[in-house]
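The values are calculated or read from the model by the stated rules, or taken from the named source; none is laboratory data. The shown structure was predicted, so the numbers you read here are calculated from the model rather than taken from an experiment. When we count neighbours, we look across all protein chains shown, and the Cβ atoms used for this are built from the backbone with ideal geometry, even at glycine. Keep in mind that these areas ignore ligands, DNA and RNA; they rest on the heavy atoms of the full protein, side chains included. Shrake-Rupley method; radii C 1.70, N 1.55, O 1.52, S 1.80 Å.
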Amino acid sequence: MDGLKSTDPAERRSLHDLTFPTLESELVAAGVRSVHTRKLWRALHREAATCVDNRADFLTPLRRWVEENVGEGKRFFLDAPKTLADLKSSDGQTRKFLLQLRDGQTIETVIMGYTGRFTACVSTQVGCAMGCTFCATGKAGFTRHLRPGEIVAQVLHCQRALRAEGLPGLRNLVLMGMGEPLHNYDAVIAALEIITHSPGINLTPRRVTVSTVGVVPGILRLAQEPRPYNLAVSLHSADDAERRALIPAGRRWPLEELLAACRSYRETTGRKIFVEWTLIAGVNDTPAQAVQLAAVLAGMNAHVNLIPLNPVEGYQGAATSADDAERFKTILQAAGFPSTLRQRRGIDVDAGCGQLRGRMVG
Ligand code: SAH
Ligand code: SF4
């Protein structure tokens, strides 16, 4: 295709959507030698550049390719979402962004920093189709999947924000923002391939956690991926009927199937499973429910993360008290399951999934 002609908008692609081998093929197909790929890749992903025009460090063939192919009306564009809100929590540990995508849709991205180590929490969809009753994103419904570049761009946004403050870059990544990652499987895997690629962002796959509400076919596929990502399963209940009341998607993938998929993930990858449990007062926080959870996890190398509910508009539930949360944790630990009670951080920046967007865009 002649890069100088205006490209049909439907055929335009984000450079951030491309994995390293795909970018290389694009360049080679245009007659640019593959050695230039690394240079462009570093600019995009290591430097987190928002523009790659007229760079003195690019040799002529690459500069020319960029000139002909990247920019307004050309084949490729860059994903660089606009910041609509940038809020820091009062404890200084959480920074939350509301970002606007090219089509005007908005997503949330969070940086969490404990002891100088930073974790990005990114979104994988605009909205979510799973409809969990206690989740602000679930309440808003599903709008669309994110492209790989839109997921990568959130990580790059965090890198820029950290660098601008002279802080070290990201160490960890969690896919716990808006959306269900395993409902957008291919885009998520492509994004993770890009994010973990060595001359670029270069996050270690072992420091990347994919959180799922329990999309069983996705868990089974993830187990086969060549890279060992961590799996976090949002269980919230160890009883099918109770779980379905909180998580409508639980009807499609009952607990027995879900737990079997977790066991299989564990066996195939050798990795421990993280169980996420949002503690809701009187709903899933009794000692009997802790015992039941320990029973269903028997034989599984699982680590349980307990998170007191973030209050959500339109959901009646309240967070479990500190004492009850502690009691729940003690039961799990006595049963041999390491458990972490997460602090409620960032409440003042609406750090719960989908909450900032809910407040800002209605
Ligand atoms: N869809 C995926 C990942 C995004 S949600 C999943 O459900 O796992 C990330 C985590 O936030 C999940 O564990 C989810 O249960 C939790 N969550 C959602 N709403 C919450 C709220 N109001 N309070 C506390 N945790 C919440
Ligand atoms: Fe979707 Fe996760 Fe929210 Fe459930 S908790 S609605 S799966 S984002």
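Quick notes
- The heavy atoms of residue 68 offer some 60 square angstrom of accessible surface to a 1.4 angstrom probe.
- Fraction of beta bridges assigned by DSSP in the chain that are antiparallel (%, nearest 5): 45 percent
- Couplings 3J(HN,Hα) of region 234-247, computed from phi: 7, 8, 6, 7, 10, 10, 4, 5, 5, 5, 4, 5, 8, 10 Hz, in residue order, whole Hz [Karplus 6.51 cos²θ - 1.76 cosθ + 1.60, θ = phi - 60°; x for Gly and Pro].
- Accessible area (Å², 1.4 Å probe, nearest 10) - residue 186: 100 Å²
- Here the sum of -39500 (n - 2.57) over DSSP H runs of 4 or more residues, divided by the residues of the chain, equals -9500 deg cm²/dmol at 222 nm, to the nearest 500.
- The order of the peptides 207-213, 196-202 by mean Cβ neighbours within 10 Å, most packed first, is 207-213, 196-202.
- Mean Cβ count within 10 Å, highest first, over the residues of peptides 247-253, 302-308: 302-308, 247-253
- Degrees separating the helix 287-296 axis from the principal Cα axis of the chain, which is the longest one: 60 degrees
- Seen from residue 289, the other residues with C-beta closer than 14 Å to its C-beta sum to a net charge of -2, counting Lys and Arg as +1 and Asp and Glu as -1.
- Residue 272 sits with roughly 80 Å² accessible to a 1.4 Å probe, with DNA, RNA and ligands left out of the calculation.
- A 1.4 Å probe run over the chain, with the rest of the protein chains in place, finds 43 Å² accessible per residue.
- Separation between Cα centres of region 121-141 and region 188-237, rounded to whole Å: 18 Å
- A simple count of charges around residue 265, restricted to other residues whose Cβ falls under 12 Å of its Cβ and scoring Lys, Arg +1 and Asp, Glu -1, yields +3.
- Aspartates and glutamates whose Cα lies under 12 Å from that of residue 139, excluding same-chain neighbours fewer than 8 positions away: 313
- Using alpha-carbon coordinates, inclination of helix 255-269 to the longest axis of the chain, degrees: 50 degrees
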